[in-house]
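The values are calculated or read from the model by the stated rules, or taken from the named source; none is laboratory data. All values derive from a computational prediction rather than experimental measurement. Methodologically, a virtual Cβ is constructed for each residue, glycine included, from the backbone with ideal geometry; neighbour enumeration extends over all protein chains shown. The protein model used for the area step is the full one, side chains on, heavy atoms only, and it has no ligands, DNA or RNA in it. Shrake-Rupley method; radii C 1.70, N 1.55, O 1.52, S 1.80 Å.
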Amino acid sequence: VNNDGAVNINDVTDIQRNLAELEEFDEYQQLAADANQDGALDISDATAIQMYLADYKLPYPIGQILK
């Protein structure tokens, strides 16, 4: 999400900042931030990244953008 090439807690923070309208995402960041790939950017995307960081098995590929 923050274009550093790594999936980490900073991405969660950036999603939360975007949702609070403190930070604006470009189109690429919007795609990357939709972690659960449901077409909507919301708190569930931040939660999905947190689960990924905690080694939960997820049904979608965190860290990859599918087109």
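Does Gln29 count as buried (at least 18 other Cβ atoms within 10 Å of the Cβ), within 15 Å of Asp14 (Cα to Cα) and not charged (D, E, K, R)?
yes
Mind checking which residues of the range 32-55 are β-branched (Val, Ile, Thr) and either open to solvent by 70 Å² or more (accessible area, probe 1.4 Å) or under 8 Å from the mean Cα position of the chain (by Cα) (or both)?
The answer is Ile43, Ile49.
Among the residues of the range 1-19, which ones are within 11 Å of Asp45 (Cβ to Cβ), within 9 Å of the chain's Cα centre (by Cα) and either open to solvent by 40 Å² or more (accessible area, probe 1.4 Å) or of a type in the set (Val, Ile, Thr) (or both)?
Hits for the range 1-19 are Val1, Val12, Ile15.
Each row is one residue, and each column tells you yes or no for (1) under 16 Å from Asn3 (Cβ atoms); (2) touching a helix residue (DSSP H, G or I) at 6+ places or on another chain (Cβ under 6 Å); (3) at pLDDT 95 or above.
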site: Arg17; (1), (2), (3): yes, no, yes
site: Glu21; (1), (2), (3): no, no, yes
site: Phe25; (1), (2), (3): yes, yes, yes
site: Ala32; (1), (2), (3): yes, no, no
site: Ser44; (1), (2), (3): no, no, yes
site: Ile65; (1), (2), (3): yes, yes, no
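Out of all the residues in the range 5-19, which are polar (S, T, N, Q) and assigned to a helix (DSSP H, G or I)?
Across the range 5-19, the qualifying residues are Asn10, Thr13, Gln16, Asn18.
Any idea which of (1) of a type in the set (Gly, Ala, Ser); (2) without any contact (Cβ under 8 Å) to a residue 12 or more places away in the chain; (3) assigned to a loop (DSSP other than H, G, I, E, B) is the one Ser44 doesn't satisfy?
Of everything listed in (1) of a type in the set (Gly, Ala, Ser); (2) without any contact (Cβ under 8 Å) to a residue 12 or more places away in the chain; (3) assigned to a loop (DSSP other than H, G, I, E, B), Ser44 misses just condition (3).
Only one of Leu58, Leu22 is assigned to a loop (DSSP other than H, G, I, E, B) and open to solvent by 70 Å² or more (accessible area, probe 1.4 Å); which?
Only one candidate qualifies: Leu22.
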